[in-house]
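Remarks on the structure that follows.
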Amino acid sequence: MPRYAFRIQRLYLRVPLIERSTIELDKGQTNYLINVMRMSEGGELLLFNGRDGEWLGRIEEASRKHCVVTLVEQTRPQTPHPDLHYLFAPLKHARLDYMVQKAVEMGAGSLRPIMTQHTQVNRVNVERMQSNVIEAAEQCGILAVPEVREPAQLADLVETWSGREGRRRILFCDEGTEEENPIPILAGLPRDEPLAVLIGPEGGFSKDERLVLRAQTFVTAIPLGPRILRADTAAVAALALVQAALGDW
């Protein structure tokens, strides 16, 4: 994917992007650009919506509560949506924000909270997750915005996986496995097989959950080394390993 101009402000919009069209930004976006970033008429920024590529925009009208942008030219065409799914036991507050942002940066195309026996939170703020996804995409130059799916119970996920997800393989990050090196396991998997990465909660998967997961033909257990990692650290480590071995690196 072509690199984007890091020094230019970047903004996600929910409207179609068409050359020479004008767009009136909402109050939150106007406040951010005009009052926080101190941008003014004639200022340039990059705009994307996850469907129409990236566009150079120019501020035509600017006041404290009003901002209109004209699309000048497309700077990058739309990229395909990443096919790597990220399944994870949700964490609390800031650590969940961090984990979601890093998953986006590492190339996850779909994020879904999975409730397990040892999950420490009972409710997931999906809207906040989506906001973190967009913020990460804005900052990292990503064009295809990952989807955020509703939470699911682990048992329900396993029960419906074969029919719903087809041949997508789940890479189950198992802290209880006797192996320590994931590379040989990943190297033995087909490179064209769609994948999902599953990370457990702070307390790890229960014994029963591990037995159920290991019994599934669509699940492959992988270790993450000899040390026990925090869940948010495990997310970055696992996604980096998978992308390096089988992904788009």
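From the residues in segment 34-69 that are out of contact with any helix residue (DSSP H, G or I) (no Cβ under 9 Å at 6 or more places or on another chain) and among the polar types (S, T, N, Q), which one is farthest from THR22 (Cα to Cα)? It comes out as ASN35.
Sort through ARG230, ARG169 and tell me the only one that's among the charged types (D, E, K, R), touching an Asp or Glu at 6+ places or on another chain (Cβ under 6 Å) and within 24 Å of VAL104 (Cα to Cα).
Going through ARG230, ARG169 in turn, just one is among the charged types (D, E, K, R), touching an Asp or Glu at 6+ places or on another chain (Cβ under 6 Å) and within 24 Å of VAL104 (Cα to Cα): ARG169.
Since GLN130 meets every condition but one in (1) under 21 Å from PRO80 (Cβ atoms); (2) touching a residue at least 24 places away in the same chain (Cβ under 8 Å); (3) not aromatic (Phe, Trp, Tyr), which condition does it not meet? Of the numbered conditions (1) under 21 Å from PRO80 (Cβ atoms); (2) touching a residue at least 24 places away in the same chain (Cβ under 8 Å); (3) not aromatic (Phe, Trp, Tyr), the odd one out for GLN130 is (2).
Within segment 133-170, which residues are among the small types (Gly, Ala, Ser) and free of Cβ contacts under 8 Å to residues at least 40 places away in the same chain? Those that are among the small types (Gly, Ala, Ser) and free of Cβ contacts under 8 Å to residues at least 40 places away in the same chain: ALA136, GLY163, GLY166.
Can you find a residue in segment 67-80 that is assigned to a strand (DSSP E or B), of a type in the set (Val, Ile, Thr), within 25 Å of the chain's Cα centre (by Cα) and over 30 Å from LEU229 (Cβ atoms)? Checking segment 67-80: at least one residue is assigned to a strand (DSSP E or B), of a type in the set (Val, Ile, Thr), within 25 Å of the chain's Cα centre (by Cα) and over 30 Å from LEU229 (Cβ atoms).
Condition test on GLU193, is it among the charged types (D, E, K, R), in a loop (DSSP other than H, G, I, E, B) and surrounded by 14 or more Cβ atoms within 10 Å (Cβ to Cβ)? No: the conditions fail for GLU193.
Looking only at segment 145-160, count how many residues are closer than 14 Å to ALA103 by Cβ and either in contact with an Asp or Glu (Cβ under 9 Å, 6 or more places away or on another chain) or not basic (Lys, Arg) (or both).
Looking only at that region, the number is 4.
The listed residues are ALA221, ALA245, and the only one of them that is open to solvent by 20 Å² or more (accessible area, probe 1.4 Å), in contact with a helix residue (DSSP H, G or I) (Cβ under 7 Å, 6 or more places away or on another chain), under 12 Å from LEU171 (Cβ atoms) and part of a helix (DSSP H, G or I) turns out to be ALA245. Is segment 105-123 home to any residue that is open to solvent by less than 10 Å² (accessible area, probe 1.4 Å), part of a helix (DSSP H, G or I) and either more than 30 Å from ARG76 (Cα to Cα) or touching a helix residue (DSSP H, G or I) at 6+ places or on another chain (Cβ under 8 Å) (or both)? Checked segment 105-123: no residue is open to solvent by less than 10 Å² (accessible area, probe 1.4 Å), part of a helix (DSSP H, G or I) and either more than 30 Å from ARG76 (Cα to Cα) or touching a helix residue (DSSP H, G or I) at 6+ places or on another chain (Cβ under 8 Å) (or both).
The values are calculated or read from the model by the stated rules, or taken from the named source; none is laboratory data. Note that this is a predicted model, so its numbers are computed, not measured. When we count neighbours, we look across all protein chains shown, and the Cβ atoms used for this are built from the backbone with ideal geometry, even at glycine. The protein model used for the area step is the full one, side chains on, heavy atoms only, and it has no ligands, DNA or RNA in it. Shrake-Rupley method; radii C 1.70, N 1.55, O 1.52, S 1.80 Å.
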